[in-house]
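Structure record follows, encoded as structure tokens.
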Amino acid sequence: LPSHYTIPSTGHRIPAIALGVWQAKPNEVGEAVKTALKAGYRHIDGAWIYRNEAEVGQALRDSGVPREDVWITSKLWNTFHAPEDIEPTLDDSLAKLGTEYLDMYLIHWPVAKKDGQPYDKDLTENPYPTWQKLEEMVEKGKVRNIGVSNFNIRRLENLTANPLKIKPAVNQVEISYWVPQVELLKWAKENDLLLEAYSPLGSTGRVGDTLAVPEVKEIAQELGMTPAQVVISWHIQRGTVVLPKSVTPSRVVENLQVRALPPALFDKLEEAATSHKPYPRLNPSKGWGLDFDIFD
Ligand code: A2P
């Protein structure tokens, strides 16, 4: 399996597996980051809104791993999409992480909305002003790559219809056995866009179900792997970056030890994942009181 992918627009090499730190609690996340770096992870996927960047940064420094050896991603929160708000929140993330630059900065959601205000329809529908500011952050050296998260094909096409100086490096979305994202994956491959899979094990309440899928269990048994390793390997074989989250040391280590499934077994799992009935995915549209669906 590839250990890295190359970002088409910059040629930078991004490690295929990241430790995801969403939902990692304070006092747990630092330990998980240290365990991960010790186990060989060189990619940490975080965000300003996870509210754990200071602890992640402290762990990075404590680990003794040189900054330039680790790929650090953070994300621009919804309340800061207005161009004038971007550099201050980026600076806040940089200060908390204790670094001069990010390897990747993503628009976290295609929603521009300040707290207590209705969403900004223009900036949500066409985030070009946001993107231009992110391009400026690249020029300033504060960020090496820029991308998006939770964008569907329509939103990707809207954004890339603008005269961008830098094309999005990645789109980070929910991808799992339950949400295989076949159409988006096809579009991404045709358009030189790398996808990153969040909740790759099924996250919100479905990890147990994923690891109990008959095909997953059979393949694990046949290859002497754990069910989680089978699923993580499958993600990489589909060509996406994968962000398994764990705060359990043995799992953090386990999740990095992956290898290619033989083609027939890969096909079997792909077939199972893409032929079951559709499952709902994480969609905060209603929770955020939006009068539109983020994924429409
Ligand atoms: P924990 O953090 O307590 O170790 P996802 O990666 O899809 O977001 O799923 C994260 C969930 O999966 C967490 O609850 C995590 O538990 C659990 N998990 C992570 N790795 C494994 C593994 N190798 N085996 C079983 N469960 C795992």
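Listing for the model above:
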quantity	calculated
Cα gyration tensor shape for region 47-181, rounded if a/c is under 1.5, else prolate or oblate	prolate
Set K189/K245; K34/K165; K167/K268; K25/K114 screened for pairs whose C-alpha atoms are more than 30 Å apart	K34/K165; K167/K268
Exposure proxy order (Cβ contacts within 10 Å, fewest to most) of K75, K277, K96	K277, K96, K75
Gain upon complete extension [K121, T226; 0.36 nm per residue less C-alpha separation]	33.2 nm
Mean separation of Cα contacts under 8 Å, 6 or more apart, over the residue count of region 4-275: relative contact order %	19
Cα-based shape type of region 1-110, given that a ≥ b ≥ c are square roots of the gyration tensor eigenvalues and the cut on a/c is 1.5	oblate
Shape of region 217-288, Cα gyration tensor, a/c cut at 1.5	oblate
Per-residue HN-Hα couplings for region 237-253 [Karplus 6.51, -1.76, 1.60; θ = phi - 60°; Hz; x = Gly/Pro]	5, 7, x, 10, 5, 10, 10, x, 9, 8, 10, 9, x, 5, 6, 4, 5
Candidate aspartates and glutamates - alpha carbon under 20 Å from K217, same-chain residues fewer than 8 apart omitted	D209, E254, D267, E270, E271
Pairwise FRET efficiency - V65 versus A260, Cβ, R0 = 35 Å, nearest 0.05	0.85
Selection from V252, P110, L164 lying farthest towards where the dipole of the chain points positive, charges on Cβ	V252
Under-5 Å amide H pairs with I107, H placed in peptide plane, nonlocal only	L76, G147, V148, S149
3J(HN,Hα) from dihedral phi, region 277-294, Karplus parametrisation 6.51/-1.76/1.60, rounded to Hz, x for glycine, proline	5, x, 10, x, 10, 4, 9, x, 3, 5, x, 8, x, 7, 9, 9, 9, 3
Debye, to nearest 20: dipole size of the chain, +1 on Lys, Arg Cβ, -1 on Asp, Glu Cβ	420
Percent of Cα-Cα distances greater than 24 Å, calculated over region 4-275	48
For D91, D120, order by how many other beta-carbon atoms lie within 10 Å, fewest first	D91, D120
Interchain or long-range residues, amide H under 5 Å from S3's placed H	none
Amide hydrogen neighbours beyond the local backbone of K114, cut-off 5 Å, H modeled	D120
Calculated from backbone phi, Karplus (6.51, -1.76, 1.60) coupling profile of region 168-176 in Hz, x at Gly/Pro	x, 7, 8, 10, 9, 9, 5, 9, 7
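Only the coordinates and a few stated rules stand behind these numbers; no lab work does. Being a predicted model, the structure only gives us computed values, none of them experimental. So basically every Cβ, Gly included, is an ideal-geometry build from the backbone, and we count neighbours across all protein chains shown.
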